[in-house]
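Everything below concerns the one structure shown next.
The values are calculated or read from the model by the stated rules, or taken from the named source; none is laboratory data. Here the structure is a predicted model, which is why all the values come from computation and not from measurement. Positions of Cβ are backbone-derived with ideal geometry, glycine not excepted, and every protein chain shown enters the neighbour counts.
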Amino acid sequence: MKVSGGANVATNGPASSGSASPSWASRAGPTNRRHVVVRAGTLALRFERRALIVGAVLMTAAAAVAAAALMIGDYPLTPAQALGSLFGFGDDPLARYFVQNQRAPRVVAAAAVGAALGMSGCVFQSISDNPLGSPDVIGFTTGAATGALAQIIVFDAGPAAISGGAVAGGFAAATAVYLLAWRRGLAGFRLVLVGVGVAALLQACNALLIVRASLTAAQTAAVWLAGSLNATTWTEASLVTVALAVLGPAALTLSRPLGTLMMGDDLAAGLGVRVERRRLELVAVGVALVCVAVAAAGPVAFVALAAPQLAKRLTRTAGTGMASAGSMGALLVLAADLVAQRIFAPTQLPVGVVTGSLGGVYLIWLLAREWRRNPA
Amino acid sequence: MTRLSAKKPEPGPGGGRPDLAQQATGPSPASERAARLRGSGLAVGYGDRIVIESLNVSIPTGELTVIVGPNACGKSTLLRALARMLPARAGLVELDGQPIGSYPPKDVARRLGLLPQSPVAPDGITVEDLVARGRYPHQGLLRQWSKADQEAVDAALARAGVADLAPRMAGELSGGQRQRVWLAMALAQQTPILLLDEPTTYLDIAHQVEVLSLARGLRRDGYTVVVVMHELALAFRYATHLIVMAAGSIVAQGAVSDVVTEDLIESVYGLPCRLIEDPVTGRPIVVPLEEFPDAPAQDDAA
């Protein structure tokens, strides 16, 4: 007769280890306080309490920044005016124009681009188990830029074609990196090293394209390359929002197997994860997220790198922290874009300049901190 | 002496561990029960390198099978092939009478658990959360945490003797503690078959004994346990079924007392040796014969 392992563990377990019983009772408290389980019928979702709180705080902060972005500008509005104009109330046509056609699409795009970048960064940093394994370091963003630059400079194309070029370029770069790094599976460090190499190559390619461009095309290219939301309309905003509505849930769904992959391929496979298939899906979703973001706003620097890391430090989660990475990304881009608009007003900076300089400071701090902790 | 008798129920050192004394009291012969896990005509390798070629193996149900053999003989490769981590180039792994590939992966993961050689604990994970990861095959996207999950985790923590470590960070544990935590994770998976790939490597002897006696306790409770390891004295001591491998094939298998001979050890490891009897268990201990220039030449005459 076969005895099922399950029954054994459950019945024999507590009795067999004498020292366990007392600590067990005292442990039930703290355990239950760290997690929240939501049950409804057959549904049982489990969240880390701290991650829930951090997520709520981040989203509230993002909403506050978004509200501020609707009010602040050369035509300042009170909260009531801004809200009224947003939903078509109020009798100030100018306010309605600014809020509905200029500020709102920009805010929506900023939030969606930020969330997409944050989640994409989370996917790749988790896959590679390396903070540097984010799409802006391993060539995906650079590849998207190459695609867009080719459209701007070689084909003199319009915005839609530029976005299409960015998506195509990003996917091409990702495919190249994936295939070059794949050797009986995908190892994190190979992904990062190959990605950095491909990024350098594409960077050179981008520089070459710009050098050979006409002056006007080079100017357009430079603005695009900085990553900007300055000319965002509802077209871009709705495209990136719709894409996020599809890709975001996909990324959240995949974050469960992703958390298992972080413990090594053998262990994940032993737990019943289809390792290579799930990883391919994750790469596809992650690349799509970053490509959509780049197509909408250009390569906004450092958000994909910093957002998941910042979120992880706040939530202290051992999971992937996909949702909090997305919320953090949204908050970062919203805030950075507000700064970019106002800091030298009326001159508007590209948002990428702000995230780039903030991200640079963050990266230096991160590296210095890691080095101090374990001097190598 | 070429063969050692294994039956010697020892009283054991006074006040010592009671489980040591019980150890040699015989399990039922391995061949009598149908094997739930078997491989036939297996060929496995990495890239161009074939490690195992046409190997047949069946893992006796309800036994503590220990696989030993020299470095690079294919022990771990065999284990990984049996756990479908490595695809078989040829041949078939069967689990409960069906090709292992015909099951959905989570279904396999509810029957067969594998603790790999170097699992990675995610940064900042608590012991309890790490053990809870073992519940993955029992969960789904919309069914993330049931009462059974919590009970299995608590029971596994207690069983592996790490309940008091539950709130600690996995990263700050000692090697012995960490290995028991990983074992707890494998136990939380609640699989009747458990494959452990070198669970004792890098542990000091006390922790090796701890891990192996846990494995033996599991076997006694009806688990089928397979352990790959190097330390022969402990392997012989704990195995109820021994598989000896060399150069990608199985050269001997069966009860330790039937299998282990000086000739076998010499032919497998290329090491001339003498077998002596473990004074506690009566199981064999390998004593290498080697020219020691400084040693007093007392034991030369064979």
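List every residue pair whose Cβ atoms lie under 8 Å apart, where the two residues are 6 or more positions apart in sequence or sit on different chains, the first residue falls within segment A:176-192 and is more than 13 Å from chain B (Cβ to nearest Cβ) and farther than 12 Å from A:SER126 by Cα, and the second residue, located anywhere, is modelled with pLDDT under 80 and part of a loop (DSSP other than H, G, I, E, B).
A:ALA181/A:ALA187; A:ARG190/A:ARG183
Considering only segment B:76-113, state which residues are more than 11 Å from chain A (Cβ to nearest Cβ), small (Gly, Ala, Ser) and either under 21 Å from B:ILE250 (Cα atoms) or under 20 Å from the mean Cα position of the chain (by Cα) (or both). Walk me through how you get there before you give the answer.
Going residue by residue through segment B:76-113, those that are more than 11 Å from chain A (Cβ to nearest Cβ) are B:77-78, B:81-82, B:88-95, B:97-102.
Those still in the list that are small (Gly, Ala, Ser) too: B:81, B:88, B:90-91, B:97, B:101-102.
Of everything in segment B:76-113, those that are more than 11 Å from chain A (Cβ to nearest Cβ), small (Gly, Ala, Ser) and either under 21 Å from B:ILE250 (Cα atoms) or under 20 Å from the mean Cα position of the chain (by Cα) (or both) turn out to be B:ALA81, B:ALA88, B:ALA90, B:GLY91.
Would you mind stating whether A:THR315 is under 17 Å from the mean Cα position of the chain (by Cα), polar (S, T, N, Q) and within 14 Å of another protein chain (Cβ to nearest Cβ)? If you could, list the steps in order and put the result at the bottom.
On the way: under 17 Å from the mean Cα position of the chain (by Cα): yes; polar (S, T, N, Q): yes; within 14 Å of another protein chain (Cβ to nearest Cβ): yes.
Spelling it out, A:THR315 is indeed under 17 Å from the mean Cα position of the chain (by Cα), polar (S, T, N, Q) and within 14 Å of another protein chain (Cβ to nearest Cβ).
Do you know which of the residues in segment A:192-231 that are closer than 21 Å to A:VAL333 by Cβ and outside any loop (DSSP other than H, G, I, E, B) is modelled with the lowest pLDDT?
Looking only at segment A:192-231, we keep the residues that are closer than 21 Å to A:VAL333 by Cβ, and these are A:222-231.
Okay, now just the ones that are also outside any loop (DSSP other than H, G, I, E, B), so A:222-226.
Numbers: A:ALA222: 86, A:VAL223: 83, A:TRP224: 86, A:LEU225: 88, A:ALA226: 86.
That would be A:VAL223.
Need pairs with beta-carbon distance below 9 Å; first residue without any contact (Cβ under 8 Å) to a residue 12 or more places away in the chain and within segment B:214-243, second surrounded by 24 or more Cβ atoms within 10 Å (Cβ to Cβ) and assigned to a helix (DSSP H, G or I); sequence gap 6+ or separate chains.
Listed by first residue and then by second, the contacts come to B:ASP221/A:GLY5; B:ASP221/A:VAL9.
Which numbered condition trips up A:VAL154, out of (1) without any contact (Cβ under 8 Å) to a residue 60 or more places away in the chain; (2) out of contact with any Leu (no Cβ under 8 Å at 6 or more places or on another chain)?
(2)
Does at least one position in segment B:54-75 carry a residue that is away from chain A (no Cβ under 13 Å), assigned to a helix (DSSP H, G or I) and closer than 23 Å to B:THR240 by Cβ?
Yes, segment B:54-75 contains at least one residue that is away from chain A (no Cβ under 13 Å), assigned to a helix (DSSP H, G or I) and closer than 23 Å to B:THR240 by Cβ.
Scan A:ALA104, A:ALA173 and give me the residue that is over 26 Å from A:ASP265 (Cβ atoms) and hydrophobic (A, V, I, L, M, F, W, C). Spell out the reasoning first.
Working: A:ALA173 fails: over 26 Å from A:ASP265 (Cβ atoms).
That would be A:ALA104, the only listed residue that is over 26 Å from A:ASP265 (Cβ atoms) and hydrophobic (A, V, I, L, M, F, W, C).
Return the residues of segment B:131-147 that are assigned to a helix (DSSP H, G or I) and more than 8 Å from chain A (Cβ to nearest Cβ); say none if nothing qualifies. Talk me through it step by step, then tell me what you get.
First, the residues of segment B:131-147 that are assigned to a helix (DSSP H, G or I): B:131-138, B:147.
Scanning segment B:131-147 gives B:VAL131, B:ALA132, B:ARG135, B:HIS138, B:LYS147.
Could you list, ordered by first residue, the pairs with Cβ atoms under 8 Å in which the first is in segment B:190-209 and in contact (Cβ under 8 Å) with a residue 40 or more places away in the chain and crowded, with 20+ Cβ neighbours inside 10 Å and the second is hydroxyl-bearing (Ser, Thr, Tyr) and assigned to a strand (DSSP E or B), at least 6 apart or interchain?
Partner pairs satisfying both residue conditions: B:PRO192/B:THR224; B:ILE193/B:THR224; B:LEU194/B:THR224.
Kindly state which helices (runs of 4 or more DSSP H) lie completely within segment A:5-107 and contain at least 1 residues that are touching a strand residue (DSSP E or B) at 6+ places or on another chain (Cβ under 8 Å), at pLDDT below 90 and within 9 Å of another protein chain (Cβ to nearest Cβ).
On the way: elements: A:5-16, A:20-34, A:49-71, A:79-86, A:93-97.
Filter on segment A:5-107 gives A:5-16, A:20-34.
Sort out which residues of segment B:138-164 are surrounded by 24 or more Cβ atoms within 10 Å (Cβ to Cβ) and touching a Leu at 6+ places or on another chain (Cβ under 7 Å), and write them in order of number.
The first filter runs over segment B:138-164 and keeps only residues surrounded by 24 or more Cβ atoms within 10 Å (Cβ to Cβ), leaving B:152-160, B:162-163.
Within segment B:138-164, B:ALA156, B:ARG159, B:ALA160, B:ALA163 qualify.
If you take the residues in segment A:259-291 that are facing another protein chain (nearest Cβ under 7 Å) and part of a helix (DSSP H, G or I), which one is surrounded by the most Cβ atoms within 10 Å (Cβ to Cβ)?
A:GLY270
I'd like the residue in segment A:72-90 that is of a type outside the set (Val, Ile, Thr) and closer than 15 Å to A:VAL107 by Cβ and, out of all such residues, is surrounded by the most Cβ atoms within 10 Å (Cβ to Cβ).
Of segment A:72-90, the ones of a type outside the set (Val, Ile, Thr) are A:73-77, A:79-90.
Next, from what is left, pick out any that are closer than 15 Å to A:VAL107 by Cβ: A:73, A:77, A:79, A:82-83, A:85-87.
Details: A:GLY73: 18, A:LEU77: 22, A:PRO79: 11, A:ALA82: 23, A:LEU83: 16, A:SER85: 25, A:LEU86: 19, A:PHE87: 10.
Within segment A:72-90, the match that is surrounded by the most Cβ atoms within 10 Å (Cβ to Cβ) is A:SER85.
How many of the residues in segment A:232-257 are away from every other protein chain (no Cβ under 11 Å) and in a helix (DSSP H, G or I)? Spell out how you get there, then give the answer.
Pass one, segment A:232-257, residues away from every other protein chain (no Cβ under 11 Å): A:232-248, A:250-251.
Still in the running and in a helix (DSSP H, G or I): A:234-248, A:250-251.
Within segment A:232-257, residues that are away from every other protein chain (no Cβ under 11 Å) and in a helix (DSSP H, G or I) number 17.
Based on what the data block shows, is B:VAL211 closer than 30 Å to B:GLN177 by Cβ and part of a strand (DSSP E or B)?
Taking the combined requirement at face value, the residue does not satisfy it.
Read through the list (1) over 21 Å from B:THR61 (Cα atoms); (2) within 23 Å of the chain's Cα centre (by Cα); (3) at the interface with chain A (Cβ under 8 Å from one of its Cβ atoms); (4) not basic (Lys, Arg), then give the number of the only condition that B:VAL153 fails.
Going through the list (1) over 21 Å from B:THR61 (Cα atoms); (2) within 23 Å of the chain's Cα centre (by Cα); (3) at the interface with chain A (Cβ under 8 Å from one of its Cβ atoms); (4) not basic (Lys, Arg), B:VAL153 breaks only (3).
Residues are listed down the side, and each one gets a yes or a no for (1) in contact (Cβ under 8 Å) with a residue 24 or more places away in the chain; (2) over 22 Å from B:PRO137 (Cβ atoms); (3) touching a Leu at 6+ places or on another chain (Cβ under 7 Å):
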| residue | (1), (2), (3) |
| --- | --- |
| B:SER40 | yes, yes, yes |
| B:GLY47 | no, yes, no |
| B:THR61 | yes, no, no |
| B:GLY69 | yes, yes, no |
| B:LYS75 | yes, yes, no |
| B:ALA83 | yes, no, yes |
| B:ILE100 | no, no, no |
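How about segment B:171-189: which of its residues are more than 30 Å from B:CYS73 (Cα to Cα) and crowded, with 24+ Cβ neighbours inside 10 Å?
Restricting attention to segment B:171-189, the residues satisfying the condition of being more than 30 Å from B:CYS73 (Cα to Cα) are B:171-173, B:188.
The answer is B:ALA188, and nothing else.
Taking the residues in segment B:44-91 that are polar (S, T, N, Q) and within 24 Å of B:ARG219 (Cβ to Cβ) as candidates, determine which candidate is surrounded by the fewest Cβ atoms within 10 Å (Cβ to Cβ). Explain how you work it out, then say what you get.
Going through segment B:44-91, the residues polar (S, T, N, Q) turn out to be B:54, B:56, B:58, B:61, B:65, B:71, B:76-77.
With the extra rule that they be within 24 Å of B:ARG219 (Cβ to Cβ), the set shrinks to B:56, B:58, B:61, B:65, B:76-77.
Values: B:ASN56: 12, B:SER58: 17, B:THR61: 19, B:THR65: 25, B:SER76: 19, B:THR77: 24.
The extreme case among them is B:ASN56.
For the subset of segment B:230-253 comprising residues that are part of a strand (DSSP E or B) and under 15 Å from the mean Cα position of the chain (by Cα), which member is surrounded by the fewest Cβ atoms within 10 Å (Cβ to Cβ)? Lay out the reasoning, then the answer.
Initially, segment B:230-253 is screened for residues part of a strand (DSSP E or B), giving B:241-246, B:249-253.
So of that shortlist, the ones also under 15 Å from the mean Cα position of the chain (by Cα) come out as B:241-245, B:253.
Working: B:HIS241: 25, B:LEU242: 24, B:ILE243: 23, B:VAL244: 25, B:MET245: 24, B:GLN253: 18.
Per the stated criteria, the residue is B:GLN253.
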